[in-house]
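Undergrad: Here you go, one structure.
The values are calculated or read from the model by the stated rules, or taken from the named source; none is laboratory data. Not measured: the values here are computed from a predicted model. When we count neighbours, we look across all protein chains shown, and the Cβ atoms used for this are built from the backbone with ideal geometry, even at glycine. The protein model used for the area step is the full one, side chains on, heavy atoms only, and it has no ligands, DNA or RNA in it. Shrake-Rupley method; radii C 1.70, N 1.55, O 1.52, S 1.80 Å.
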Amino acid sequence: MRELPALLATLGPVAPTSPTAAVAPVASAVAAAVPAGAAGYAEQADALAEQYESVTFEQVHAGVRHLLPAAPARVLDVGAGTGRDGAALARLGHTVTAAEPTAELRAHGRRLHADAAVRWTDDALPALPGLSAADERYDLILVCAVWMHLAAAERAAVLPAIAALLAPGGTLLISLRHGPLPAGRRMFDVPAAEPVAQAGAAGLRLVHRGERPDPHGRPGVRWTDLALVGAERPAG
């Protein structure tokens, strides 16, 4: 709280007659914070939306479709982008929450998938603070093309945060990008062995590992798909 006066000073004068006006600039400043892993996405949102939507959910996730729960299931799509995956799952009869920190991508998602019953929320890894504060659990959590944007210290906190959101016996699907990293983007080539090694401490076990080429045909880029399952609820 000692930093609050300095923060208010940087935001300019505030009318003393309105308590609401006094807190609004601070709330706006917090809401405007962009996660480090999402840097640059707002500026490239139009091009990224076209790229994401150029392939289908079925094409990208063909290797793990047999692991999807029967509908209706509660699904969380983390780093949802334009909601391609979440919308496809909603159309299959699942109840879908899409977490995406970039407002421009959320806007594209609402426009492109207006027919799909997807609940959008502004939240991001590594902590997912908004979702973590809610009393909700999910049967399936997707983290597609997100891990690569998290630094090592951030990645260490991800699996415990996600495991806390999984329903008993729920499934976590992770896709990891490997290969050349684009210039000007905060991105890391994460070995699959890392989250696999961290899974046990988070109460998760590996049930599937698969490799696939890049769906966009980028030279040298390939992907690893991991499926992790949470512990069942103890009997009795």
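Undergrad: Would you please name the residue that is surrounded by the fewest Cβ atoms within 10 Å (Cβ to Cβ), looking only at residues in the range 59-106 that are of a type in the set (D, E) and not in a helix (DSSP H, G or I)?
TA: E100
Undergrad: Would you say E194 is of a type outside the set (A, V, I, L, M, F, W, C), under 21 Å from H149 (Cβ atoms), more than 20 Å from the chain's Cα centre (by Cα) and not in a loop (DSSP other than H, G, I, E, B)?
TA: Judged against the criteria, E194 is not a match.
Undergrad: Got a number for residues in the range 132-158 being outside any strand (DSSP E or B) and either within 11 Å of the chain's Cα centre (by Cα) or crowded, with 21+ Cβ neighbours inside 10 Å (or both)? It would help to see each step written out before you state the result.
TA: Start the filter on the range 132-158 by keeping residues that are outside any strand (DSSP E or B), which leaves 132-137, 145-158.
In the following step, the residues that additionally are either within 11 Å of the chain's Cα centre (by Cα) or crowded, with 21+ Cβ neighbours inside 10 Å (or both) were identified as 145-147, 149-150, 158.
Residues that pass the stated criteria total 6.
Undergrad: Separate question: For the range 66-77, enumerate the residues that are over 13 Å from S175 (Cα atoms) and not aliphatic (A, V, I, L, M).
TA: H66, P69, P72, R74
Undergrad: Checking P126 against (1) more than 14 Å from the chain's Cα centre (by Cα); (2) open to solvent by 20 Å² or more (accessible area, probe 1.4 Å), only one condition comes out false. Which one?
TA: Against the list (1) more than 14 Å from the chain's Cα centre (by Cα); (2) open to solvent by 20 Å² or more (accessible area, probe 1.4 Å), P126 comes up short only on (1).
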